[in-house]
Structures are given as C-alpha cells and as structure tokens.
Amino acid sequence: MGYKLSLRIWRGDHFRGELGDYVVDVEEGEVVLDAIHRLQATQAGDLAVRWNCKAGKCGSCSAEINGRPRLMCMTRLADFEESETITVTPMRAFPVIRDLVTDVSYNYEKARQLPSFAPTPRDADGKRRMMQVDVERGQEFRKCIECFLCQDTCHVVRDHDDNKKAFAGPRFFLRYAELDMHPLDTNDRRKLAQDAAGLGMCNITKCCTEVCPEGIKITDNAIIPMKERVVDRKYDPVTWLGSKIFTRGDRGSREEVRPREEA
Amino acid sequence: MTGSHVVTDENANSQAPMAGRHPMTGNRMTDEVTADGHGFEEHHYDVVVIGAGGAGLRAAIAAHDAGARVAIVCKSLLGKAHTVMAEGGIAAAMGNVYADDNWRVHYRDTMRGGKMLNNWRMAQLHAQEAPERVLELEEWGALFDRTDDGLISQRDFGGHRFARLAHVGDRTGLEMIRTLQQRAVELGIDVFMECTVTQIFKDGERVSGAFAYWRESGRFIVFHSPSVVLATGGIGKSYQVTSNSWEYTGDGHALALHTGASLINMEFVQFHPTGMVWPPSVKGILVTESVRGDGGVLRNAEGKRFMFDYIPEFFKSETADTEEEADRWYDDKTNNRRPPELLPRDEVARAINSETKAGRGSPHGGVFLDIASRRSAELIRRRLPSMYHQFKELADVDITAEPMEVGPTCHYVMGGVEVDPDTAVSIVPGLYAAGEVAGGMHGSNRLGGNSLSDLLVFGRRAGLNAAYSATRFGVEPPRVSDTQVREAAAHALAPFSVGGGENPYTIQRDLQDIMQRLVGIIRTADELSESLGQIEELKRRAEGLTVEGHRQYNPGWHLALDLVNMLTVSECIAKAALERQESRGGHTRDDFAATDDFWGQRNLVLTQGAAGRVELNHQPLPVMPDELKSLFEAK
Ligand SMILES: Cc1cc2nc3c(=O)[nH]c(=O)nc-3n(C[C@H](O)[C@H](O)[C@H](O)COP(=O)(O)OP(=O)(O)OC[C@H]3O[C@@H](n4cnc5c(N)ncnc54)[C@H](O)[C@@H]3O)c2cc1C
Ligand code: SF4
Ligand code: SF4
Ligand code: FES
C-alpha cells in the first residue's frame, strides 16, 4: 500500500548545493526513480535527473543511494524500511552539473583513447566464423551498460582526482580485455593497457565488481587475466584460458598498438 | 561567452567555456561571434544528423565515409538512445539457420505483416540489404550469438517464416548501439550530447541548418548545414502505458511537419502484446517477443492457450491449429506451421485485449505468458537473461518457475516522414529521415526485428545521400539568417515568460490519458472525434505553460518544449485514425471491423497548412511491379 516516503536529495550545481528534504507519496512496487519522478511532477519541476529506459538497460540513472552507487531505476523502495529516510546524491567521482546529474565526460574521453577493433579478413563466402565458446567471454564484458558506477566506485579516481589522467578505470579495462580476447582481433593492446590506461594502478580491491548492476565479474574475468597477460609470464594462453579462447593460438599475429591521438 | 546576447541569458551557467572542448561531452566548440550576429555558439557541417540511435549513428558513419563533415546531435548521452533497449534481434535473411531463407521470403513476410500497405520498394531494399548490414556490425566488433558451425545465429520471431533474427541473448540493441557508437568514436565524428534540436531552418525551399539548446546549460547552438538527417525515433510517450522512454516525444515527426515535409501512415501505432502489467511502477516495460520465439505461450485465467481462437483468415494457411503441431514447429519448420502465439503483433495484442475484456484475464489485468513450464530453467536463463533479471528485480517473479503477467503496451509508430525509398529524402530538399521517424517501410504493422534492420539499411542510405546532396546546392550554400535564429531563441524561451500557470507535467499526463483511452488499440469514430476536441483544448492550455527555475538542466523546461511536439503528433494520429474507415494492422476500428480494399490502395498524408493547421490528404499507394507481385500468388 502507499505511504509517505522521506527523501533527502542533493540540490545544487558545480559551485554550491545542499541536501533538500522532501516527503513524497509512493506506491507498492515502486523504485527510487519513481519517487524522484513524482517529486519532479508535483513539487520540484526543475529537479535534474538522468534516465531513459527505467529498466536497467541504458545505464543513465546512476547515483548514490544512502551512499552506495546504484541505478535509481533498479533500486526498489521495498529494500528500505518505510520509516527510513532515503538519501540520494550524485556520483561522487564526477563533477556535478546540477542536482543528480554529473559530468561524465571523463569516460567518453577514455573511450576515445582506445584503439579499436581490427579484424582479420572475412572467409571466402563473405562471412566470419567464431565459435560460441570463443565469443562468450567478450559477450560478458559487452553486457556493460556504461552506467559508470564502477568508475565512480574505484578508489583510484574516487579519492584522487589527479589520477584520472593516467587511469582509464574498470569500465575500460573491461574493453581492453574484451578486445584482447576477441577471436578475430589483430591488435595487441597489452602494453598500452599497462602504460597509458594505468592497469598497474589497480590493486584488485574488487569494489568495482561489487557495484556492477550487470553482474559482470570485472576484476576476476577481465582485470586479473589482463594483468597476467601484461606480465606475459610463461603462460601459454591456450592452456590458460582453455583451448577455446585463442583459436589462432599465437599472439604473433597481433600487432602492438599505440594510444590514439585526439580524434 | 564573449558576444552580446540578444536574448537575455542571465540564468545560464556561467562556467561553460566557449573555447576548446565542451566540459560535458568533450565536443569541440567554437566561439565564433560575428559582430552583428545573434551571439550564439555556431557550427558548420555538411551533414547534421539528429539522433544517435541505430539509424542516426549508421547515417553518420555513412556520411563520414562519403567524405562529409558530420555532426551527431542527441538528447541523451551517447549510447543511451532507445535502440539500446531493443532486445530480440535484427531481422536479416542470411540463411545461416535455414538455407531456404532469402530476401524474397523476408520481403513477403514483411509485406504481409504490414497488411500490404508497406512501400514495396522500401520493403524490397530492406530485405535485400539487411544481411550485409549485419555482417558489417560484426566487422566493427559486434559479438553475435553463434550457430554450431560458427556463423551468426538466428532466432524465431512473430511473422517471420524462418528463424531470421541475428541476436545477442536478449540485449541485441545494446550490442548494436555500442558497436556503432564505438565505430563513430573511432572515426572521430563530432557528437553533441544532451543537446536538443528545436527547429530546422530553411533558406527558400532548401534546408540550411538547425537550432538547438544544450540541456546542461540551456545555451543555444546554431548549426549551419545543407543536409539534415532526422533519426529521432518514435512517439510512444504520448501514451500512458508504453515501452518507450521520455525521449519519445515525436520531435522528429513534428520538426518535419513544421519544415514542410509530409507524414504518412500516422494512424498505425503498434501496441506490443507483451508489456509488464505489475507492479504499477513497471507497467508497460517490454517483455521481449523472444519469450514466445523461444517457446513461451499465452494462457488466460482458465489456463487455455487462447491464441488458437484468434487465428485470422489471412494467416490460416500458415498457422498451426493444434497445440501438437505448434509445439513440433520449433524443431521442424518445414513440416509444421507456426504457433498462433507468433502471429504478427497486432493480432496478438487484440486477442489479449479481448480476453481481458471478457473477464478471462490475470489478476492484474493481463494474461499469462508461460515459458517456465515449457523450457528448462537453464535455457531460459541463457537465452533470456535480461528478462530473467527484469522480472526478478522489478516484480519479484522468477520466470523459470512461474508465468509472467503481460498485457499490450504502446511500442512503436509505423507512421513517419514520407521519404523517397532509395535516398531517404523527404519532400523538402536537404531533409532526410531514417529509422522509426520515417514512414512507409512497415505499412500498417511492423514485424519484430524489422526495426533494427531498417535502422541500418535506411540509416546508411540516408547518410550517403545526405552527404552527396550537401555538395550539390548550386553556387551559394543555403544560409541561416539572424532573424530566423532570434525567432527560434525567442520561441524556445517562451515558457519562461508566459504566465499562464499551467504545469507541463499535468498537461502531459492529461494527453497520455486521452491517447490511451480514445486513440488506443480499439478505436471508434465518436472517441476519435472526442480526442481531437480534447487535444485542441490541451493545445490551448499549453499556450499558458509556466516553467519554474532557470535554464540550466531544467527538465520542466525541456518537457514544455517537447510537449508541443507531442500534441502535434497526437493530433496527426487521431486525425488519420478518424479518416481511415477500416481495420488494418495497428489500426483497429470497432465501427469498421473489416479490412477494406478501397483503403488498402491509399495512404493518408499529413502536412502543415496555412496557420499551422494539420491537413490530411489521400494518396494512392505506389504500385508494386509484377515480378514482386508474383511472390504473393505462389503459396
Ligand atoms: C523495449 C524495446 C525493445 C525493442 N526491441 C526490438 C527488437 O528486438 N528488434 C527490433 O527490430 N526493434 C526493436 N524495438 C524497436 C527499435 O528498438 C526502435 O524502433 C529503434 O531502436 C529506433 O531507433 P532509431 O535509431 O530510429 O531511434 P532511437 O534509437 O530511439 O534514437 C533516437 C535518437 O534521437 C534523439 N533525439 C530525439 N529527439 C531529438 C531532438 N529533438 N534533438 C536531438 N536529438 C533528438 C534521441 O536522443 C536519440 O538519440 C524495440 C523497442 C523497444 C522500446
Ligand atoms: S579492482 Fe581495480 S579497478 Fe576495480 S575498484 Fe579496485 S582498484 Fe578499481
Ligand atoms: S562494467 Fe558494470 S558498473 Fe561498470 S559501467 Fe559497465 S555496467 Fe556499469
Ligand atoms: S533508466 Fe536506464 S538504467 Fe535506469
């Protein structure tokens, strides 16, 4: 049944702001984003918030709910006591634009610096062949909805804004790993991942994995294997990932790439 | 900002620097300010693409590849457009699973699904080019699910003769948008994110640019460009129960109309048969058709597979009439006919509507969609991971153990900008349209999976042709005048100065209520006439909108501007729906229940006449050549 929810919401811009207290009617089965929308429609028409799909698919509605990085559209009110005040603040690692909306351009900068996919030629019939087992690793990483909650959580940037220059963050380590494990890619980005993207700064705390709404095992499945590949120990990649991941078997066919210049 | 503002701008965010890169998006910015100009940020491009969904991104890539300087402008962040939500797959007759599949079969399915009202040439190009467009995505890094021999796997969907949808689990749209986004970034195409276009400029008869505001700061931008591609998606936000997001306010439809282009097929709105119905907070959120494609069935409160009672004459010969045959079909398509649950969407949506009206619905006013009793939990989780997640998280339902409750939800608009099939140009020189905002391709009803392929095929065509046309404007490039810009700015700022006291959120809610009740799945002349009267009343109220706060990231203001588009588009839908006195595809009239050949020969075309009034005209359907006609005579 419906009840009155107490909400504290951060209101303000890049320069100043404060937590505002609100009481809003909510219904059974609602999520935090519903409460925010009702607030917007009835009490605070100019409350800034990002959202699109309202179904956990687009990664727009990231914020910190009672201090924890989460998607507002996937956080159910039923997870809280009715009497509890829910506090919603913008992602801390990024500059605030207004209210719950932050400037996430850091992530788009990092995306631009990543050398893209460079496939081998097509088969004679114009198609390409890859086995399901070979694409599954990459598919896990491509579930990423770019909510940037992992980026927000990672202490390397959360606590040290200066690190942003040299650190691509977990979302992009995922991308490096995805391409490195792609059966048809010809680039070798290991050195780049280590140097320019700052993979070495990650000390495997796994905080990023904990907040990922897609349940991607960022640390175990992407970062750690990537670090191991970088170290280039006497790992035979074939035995290491199971015989299926590297159909071509040798890294000799991959070419080492340099960071992309500003596009 | 160095220039003097003609329009007062005291509230805009003072931190936004006007040189170098934009702090939000990293876009390159200029600070060109002409001495006597309008003082707003300006950019010059060959092609401006409005929209960063599948159609917009594909258009931008094509225009870039053709050598044009291209900008993409979008209301949300890059990668968040509606395309990201698409689940089931991309329809393309690649023949990877059934070698018998080819473009002719796909073409035939598409035309029949649209009840033959589709533009035949668009449907042909679409079926012919979709396979290469999908392979191209793979070229750019997409990782589709595979068949046993390593090819792109294809899944069953309603209305498609063969398993034809290239997919990645049930998150195909995410794969598609990420792939195209990464490609566009790699090519260095400029993207203006969280930037909304409010007007398209013309110099004489030809497009000359566009006017937009940054959502972040509320500041204005002027684009100079001889070609503009509309790729703005749909209109679903005008309905109460919808699978669409806030972005779907019909901006592109309205922009086209105001710029002098025409809209066709606007009476056809697709209600997807399976949206979530409970809890209220998620009402309308899509449950992908893949659930049925992968074996799920619909049952009423009595446990009956009611779709067997709703097989229309038109599809009798290709639809199974016993449960046994239907169940065999999943493994043997050659000797069995397709289950009635996989009839085109309009048929299934109407059937569900009738069942619930007859009191045989589920507790929350839907029907049951059951895959739990038919497929293993393991298979369900693997094939439908995001459905599993969605129901678990949002409705506390475990779809591997219990049935889902589902009901129709407004999903897609078949209607859109009338375009030339080969080039995607509208009747306005320089104005192109592709994707959901374009009309004609899907006729009266779209088959699942045919949108994502449509985006790729016609996005590319629009981009190429827009680039080509940008070099062919004659001696002088078309110009945007300062007066045009000042008027556009004044228009955009009006909600701050008008003091009528109307709340945009309230008017939006009232519109959604009207459209849902009076212009919904089942329509009548009386209700449609009533809706037109009420929309007129809302338009009047909307003239007195008042917006709180200032221009910086102000959703109330943004809605106030979008609302005008929603009202225009709603009027178009209601008007065309009232005119078409028959039932066909996504348009069902209770008072004209039959499909009528007279109406099957004509399109309804909407334009903006004098004094801003929407005008409606009949136009004969383009005639299909005989060699294509013969595809419908053979079985
Ligand atoms: C939940 C769901 C599932 C679906 N599943 C499938 C499926 O499995 N298969 C299939 O084929 N189809 C599916 N569809 C349909 C398909 O996803 C859409 O029709 C398609 O993605 C539309 O793409 P688009 O490129 O035309 O527009 P969108 O992807 O919607 O992009 C529109 C773009 O235009 C921008 N825009 C709009 N107005 C303005 C403005 N005024 N100024 C600037 N920018 C603007 C938006 O910001 C956005 O970037 C599904 C739809 C939904 C809602
Ligand atoms: S595991 Fe690495 S990337 Fe992830 S939060 Fe910890 S330090 Fe950051
Ligand atoms: S990896 Fe997970 S947490 Fe990080 S951006 Fe992607 S979806 Fe979000
Ligand atoms: S609104 Fe899309 S993830 Fe929350």
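Some notes on this structure:
- Among the residues of B:179-187, the average count of other protein chain beta-carbon atoms within 10 Å of the residue beta-carbon is 3.
- Shown for the stretch B:472-604 is the translational diffusion coefficient from the Stokes-Einstein equation, using the Kirkwood radius over Cα pairs, a temperature of 20 °C and a viscosity of 1.002 mPa s: 124 µm²/s.
- Proximal aspartates and glutamates relative to B:K283, as straight alpha-carbon distance under 16 Å, when same-chain residues fewer than 8 apart are discounted: A:E27, A:E28, A:E30, A:D34, B:E393, B:D396, B:E405, B:D513
- Of all DSSP beta bridges in the protein assembly as shown, antiparallel share, percent nearest 5: 70
- Inter-label distance, nm, simple model (7 Å from Cα along the C-beta direction), B:A525/A:A118: 6.9
- In this calculation the C-beta distance from B:E615 to B:R479 is compared with R0 = 30 Å, giving a FRET efficiency of 0.55.
- Taking only the C-alpha atoms of the stretch A:27-158, Rg followed by Dmax gives 19.2, 66 Å.
- Rounded accessible area per residue of the protein assembly as shown, 1.4 Å, Å²: 35
- Computed from Cα positions, the angle between helix B:482-497 and the longest principal axis of chain B comes to roughly 70 degrees.
- Stokes-Einstein diffusion coefficient of the stretch A:145-200, Kirkwood radius over Cα pairs, 4 °C, 1.567 mPa s, in µm²/s: 109
- Among the chymotrypsin sites (Phe, Trp or Tyr not before Pro) within the stretch A:1-54, those in coil by DSSP and having at most 16 neighbouring Cβ atoms inside 10 Å are A:F15.
- With a Förster radius of 22 Å applied to the beta-carbon distance between A:A78 and A:E210, the computed FRET efficiency rounds to 0.55.
- Electrostatic bookkeeping for B:Y45 treats Lys and Arg as +1 and Asp and Glu as -1; over the other residues with beta carbon under 9 Å from its beta carbon, the sum is -1.
- Taking the Cα centre of the protein assembly as shown as reference, the dipole from Cβ charges on Lys and Arg (+1) and Asp and Glu (-1) amounts to some 1480 debye.
- For chain B, the longest principal axis of the C-alpha atoms and the axis of helix B:555-579 are separated by about 50°.
- Set of the stretch A:1-26 residues, backbone N closer than 12 Å to the point 7 Å along the Cα-Cβ line of B:D396: A:1
- Residue-averaged beta-carbon neighbours from other chains (10 angstrom radius) around B:72-83: 4
- Helix B:450-470 and the longest principal axis of the C-alpha atoms of chain B enclose an angle of approximately 30°.
- Over the protein assembly as shown, all Cα pairs binned in 20 Å intervals from 0 give whole-percent P(r) values of 15, 50, 32, 3, listed from short to long.
- Distance from the stretch B:70-130 to the stretch B:514-540 (C-alpha centre basis), Å: 31
- Rg to Rh, two decimals, where chain B supplies the alpha carbon set and Rh follows Kirkwood: 0.96
- Protein accessible surface hidden between B and A, which excludes ligands and nucleic acids, total in Å², probe 1.4 Å: 5800
- With a simple spin-label model that places each label point 7 Å from the Cα along the Cα-to-Cβ direction, the separation between B:E548 and A:T42 comes to 1.3 nm.
- Number of partner chain Cβ atoms within 10 Å, mean per residue of A:39-51: 6
- Per-residue SASA remark: B:T232, around 30 Å² accessible (1.4 Å probe; ligands, DNA and RNA not included).
- In angstrom, the C-alpha Rg and Dmax of the stretch B:429-512 are 19.6, 50.
- Under 14 Å of direct C-alpha separation, and excluding same-chain neighbours fewer than eight residues apart, A:K217 reaches these aspartates and glutamates: A:E136, A:E140, A:E178.
- Taking the DSSP beta bridges with both ends in chain B, the antiparallel portion is around 65 percent.
- Label positions at A:N203 and B:K316, each projected 7 Å from the Cα along the C-beta direction, are separated by 7.6 nm.
- Farthest toward positive dipole pole in the stretch A:70-196 [+1 Lys/Arg, -1 Asp/Glu at C-beta], among A:V96, A:P115, A:A177: A:P115
- Heavy-atom accessible surface of B:D148, to the nearest 10 Å², is about 150 Å², with a 1.4 Å probe and all protein chains retained.
- Computed accessible area, B:T607, all protein chains, 1.4 angstrom probe, square angstrom: 40
- For the set B:H558, B:H491, solvent exposure ranked by accessible area (probe 1.4 Å, protein chains only) runs largest to smallest as B:H491, B:H558.
The values are calculated or read from the model by the stated rules, or taken from the named source; none is laboratory data. Keep in mind that this is a model prediction, so the values were computed, not measured. Cβ coordinates were reconstructed from backbone atoms using ideal geometry, including for glycine residues, and neighbour counts include every protein chain displayed. Each accessible area value is taken on the protein alone, full model and side chains, heavy atoms only, with ligands, DNA and RNA left out. Shrake-Rupley method; radii C 1.70, N 1.55, O 1.52, S 1.80 Å.
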